[in-house]
Structures are given as structure tokens and as C-alpha cells.
Amino acid sequence: MNRLFAACIVVWLLLAIFVMIDISKEFALADIHKLEDSVLDATNKVRREHGLPTLIKDVMLADNAKRYAIVNASKGFISHNHEPLISRMPNNCTSIGENLYQGRDSTGDGIVNAWMRSQAHRENILDMEWERIGVGIARAGSQIIVVQLFCR
């Protein structure tokens, strides 16, 4: 009887752990989607502050940004050269730009502020040419990889 009771307790604990892991994955995924939207909102806020039009979220760009964030995360470091930039440009774009971020900041404002302190990233964010944007995020250990794609 004691063995049966102990086995039931073990099964119950394993089931509880499985459910908690599954729920935490859902929350992590929801947090990533929120952060992607937050990066987009922070980018548009900075553009408005500089008298520029806001960028429209493009689903194809966002999908390409997400895919490239995953590629960077799998490599363990960020690079614009893991594959050609042109491969991230949907057919409906005539030109494309890209910002990459790797770190632990978990707010859109913090990530965009980090980009704004870099001349090249700042120029991308404030480029009048861009009309659409896609943001993708992947986890790389304790850090996140953020890919921001711009297109006209």
C-alpha cells in the first residue's frame, strides 16, 4: 500500500512539473510577443520625436526577423553575415535595413535606447526611406537576440 501511495505521489509530482513547464513556455512566448510589440512601439515613439512618420508592422518582415533571430541564437552570437541580408527581404520590398541586439534588456525602450547610442543603428531607426518594420526575438541562454528589419 505504501508503495502504491508513493508511486501515486511521484506520478502526481511529475504531472505537476510537466504542466508548470508547459505553462511557463506559454508565458515566455507571450512575453516575447509583447516585447516584439514593445520594440516596435519604442521605435515609432523615437521616430515621432524626430518628426518622422511611424512605421507599419509587416507580417512577412516580422516572420523573417524572427527566423533570423533564431539563426543568430543558434550560432550563439549576433552577426549580419550568418546569411545574406537580401534573404531577409520580402518580395514587396525595394530596399531593406537591419538592426541586431544581443543582451538582457527586457523592455522595448531599453533596446531602442541601446540602438540609439550607436550611429549606424540610430541612422537605421531615423531613416526617412523606411515605411514598414518587422521585429523578431529569440532566446539565447540568459540573453535575447532582437532582429529589427526595415523595408520600403
How many residues does region 78-105 contain that are open to solvent by 70 Å² or more (accessible area, probe 1.4 Å) and more than 13 Å from the chain's Cα centre (by Cα)?
-> 7
Inter-residue pairs, beta-carbon under 9 Å, first under 10 Å from Arg132 (Cα atoms) and in region 51-64, second assigned to a loop (DSSP other than H, G, I, E, B) and acidic (Asp, Glu), 6+ apart = Leu55/Glu131; Ile56/Glu131; Asp58/Glu131
Residues of region 94-111 being closer than 14 Å to Glu36 by Cα and in contact with a His (Cβ under 9 Å, 6 or more places away or on another chain), which ones?
-> Asn99, Leu100, Tyr101
Exactly one of Lys45, Lys75, Lys57 is among the basic types (Lys, Arg) and either under 15 Å from Leu149 (Cβ atoms) or buried (at least 16 other Cβ atoms within 10 Å of the Cβ) (or both), and that one is Lys57
So which residues in region 106-140 are touching a residue at least 24 places away in the same chain (Cβ under 8 Å), more than 13 Å from Leu40 (Cα to Cα) and open to solvent by 50 Å² or more (accessible area, probe 1.4 Å), if there are any at all?
-> Ser106, Met128, Glu129, Arg139
In region 73-107, anything of a type in the set (A, V, I, L, M, F, W, C), modelled with pLDDT of 90 or more and closer than 22 Å to Leu126 by Cβ is listed as Ile78, Cys93, Ile96, Leu100
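The values are calculated or read from the model by the stated rules, or taken from the named source; none is laboratory data. As the structure is a computational prediction, the values presented were derived from the model and not from experiment. Note: ideal-geometry Cβ built from the backbone for every residue, glycine included; neighbour counts use all protein chains shown. These accessible areas exclude ligands, DNA and RNA; they are computed on the full protein's heavy atoms, side chains included. Shrake-Rupley method; radii C 1.70, N 1.55, O 1.52, S 1.80 Å.
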